[in-house]
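Below: the structure, in structure tokens.
Laboratory data are not the source of any read-out in this text; all were calculated from the coordinates shown. These numbers come from a predicted model, not from an experiment. With ideal geometry, Cβ positions are generated from the backbone for all residues, glycine too; neighbour counts draw on all protein chains shown.
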Amino acid sequence: MGLEGARVTVVGAGVVGLSAAHDLAAAGATVLVVGDRAAHEGVSGVAGGLWFPYRVTTPPGADDVLLRSRARFEELADRPGTAVTVRAGTVVERTAAPDRSWTAAAIGPREARADELPAGAASGVRASLPVADTPHYLRWLRDRCGHLGVVEQRAQVHDLDATAAATAADLVVLAAGGRSGELVADPDPGHPVGGQVVRLRNPGLVEWLLDEEDPAGLTYVIPRGEDVVCGGTADPWPATTAVDPGVQEQILRRVVAAVPALAGQDVLGAAYGLRPARATLRLGPVPGGAVPVVACYGHGGAGLTLSWGCAEAVVRFAAALLGPRTADRPGPPTGSGPVDDLPQFV
Ligand SMILES: Cc1cc2nc3c(=O)[nH]c(=O)nc-3n(C[C@H](O)[C@H](O)[C@H](O)COP(=O)(O)OP(=O)(O)OC[C@H]3O[C@@H](n4cnc5c(N)ncnc54)[C@H](O)[C@@H]3O)c2cc1C
């Protein structure tokens, strides 16, 4: 609570925008989400669904975003309709000093034994992490937003001030993923990192596997419900977003080598998506707008992973920018929030 009476327009209906909309509405705001396509039609629909901070850097001061997000997903795990579970799995390491910062937010991380690792691995970590069956999860998230009164409008935004005026917003949240940099001044508008996945019928797997440094190429296996998402690739500025059958064959060879039970499983689908990468996640107020603007973009390969922690941060920024609101006192005049006093997190 705390945003009663505030009108917030969220630009972008991907997993990040919808999660922010959910928490803003839960805090009492009247929320409109404007996006030019539905969450499952964009890269949010391609996400494998594993909670893991892949190809993302959180800015200083935003360390709790990862932990809060993991905690929120854990709360959702196994609740009917959410399609979220907590599953054990292995991160394979092949370098002398692997980055284990993610383990601070993981559930029960421990050193993997040699017999739990593939040949050639230097070390590894076993942990339990949330996994969302993304298409079902996004449907649940949209439904939850609907229950909270969030309205979704299909439209393209060309100018944030004009959109704020047209929607009578007190505050705008910019969550337009990889295209956010087109709508605000940003010295680092980010860059796309393409990724291809193939979905196989699940032969009964329950454990995920992530081997970023597999010499044969990026390898991950994420069992969800009926399917297993198998990846992958990480192509900065890809020339095309079409699924490449040759690359799919290579992915299949790698995942079968890592998890032999996947051999011969039916291919259920394949997809290519653009991760909205940026040097660091942009999370915080953007000065200069006709109304206060909170940016939330640049989630790289971890939009789902960071979604709830970012949503909570967006609510905190919104509350600080709009000030205390009561029926008698609807907060400071539009656009006068204390942008300069807040951490910028950019
Ligand atoms: C192969 C692959 C696997 C992945 N696996 C995982 C994973 O396992 N776990 C994980 O956490 N992440 C994963 N990711 C990353 C994840 O998909 C992204 O980080 C996440 O989807 C970004 O969400 P978003 O809401 O910021 O962006 P988007 O999903 O792109 O949503 C932004 C929305 O804004 C809208 N928009 C943009 N500009 C405008 C405009 N001007 N007007 C109106 N609307 C606009 C678009 O329609 C878009 O739908 C994966 C990505 C790929 C490619």
- Item | Neighbour-count order for LEU200, LEU281, fewest beta carbons within 10 angstrom listed first | LEU200, LEU281
- Evaluated at 25 °C with a viscosity of 0.890 mPa s, what Stokes-Einstein diffusion coefficient in µm²/s does the stretch 134-185 have when Rh comes from the Kirkwood expression over alpha-carbon pairs? 190
- Task: Compute from the Cα atoms of the stretch 191-317 the Rg and the Dmax, the latter being the longest Cα-Cα distance, and quote both in angstrom.
- Result: 17.6, 57
- Note on the structure: For the chain, the convex hull over Cα atoms projects on average to an area in nm² of 17.0
- Query: If exposed GluC sites (Glu not before Pro) are those in a DSSP loop with at most 16 other Cβ within 10 Å, what is the longest stretch of the chain that has none?
  - Reply: 5-206
- Task: Within the stretch 104-151, list the trypsin sites (Lys or Arg not before Pro) lying in a DSSP loop whose Cβ has at most 12 other Cβ atoms in a 10 Å radius.
- Result: ARG113
- Note on the structure: Reduced to Cα centres, the span from the stretch 119-172 to the stretch 1-72 in Å works out to 4
- Computed, not fitted: 222 nm per-residue ellipticity of the chain from DSSP H runs ≥ 4 (each -39500 (n - 2.57)), nearest 500, equal to -7500 deg cm²/dmol
- By how many nm would the segment from ARG253 to GLU213 lengthen if fully extended, with 0.36 nm per residue of separation less the alpha-carbon distance? 12.8 nm
- Item | Counted charge near ARG68, where neighbours are those whose Cβ lies closer than 13 Å (Asp, Glu -1; Lys, Arg +1) | -3
- Task: Provide ASP78, ASP63 in ascending order of the number of other Cβ atoms located within 10 Å of each residue's Cβ, fewest first.
- Result: ASP78, ASP63
- Message: For a test of the definition: using alpha carbon positions, the gyration tensor, and the 1.5 limit on a/c, classify the stretch 1-70 as rounded, prolate or oblate.
- Response: oblate
- Query: Could you give P(r) for the stretch 1-135, binned at 10 Å from zero, as whole percent values over all Cα-Cα pairs?
  - Reply: 11, 31, 35, 16, 6, 1
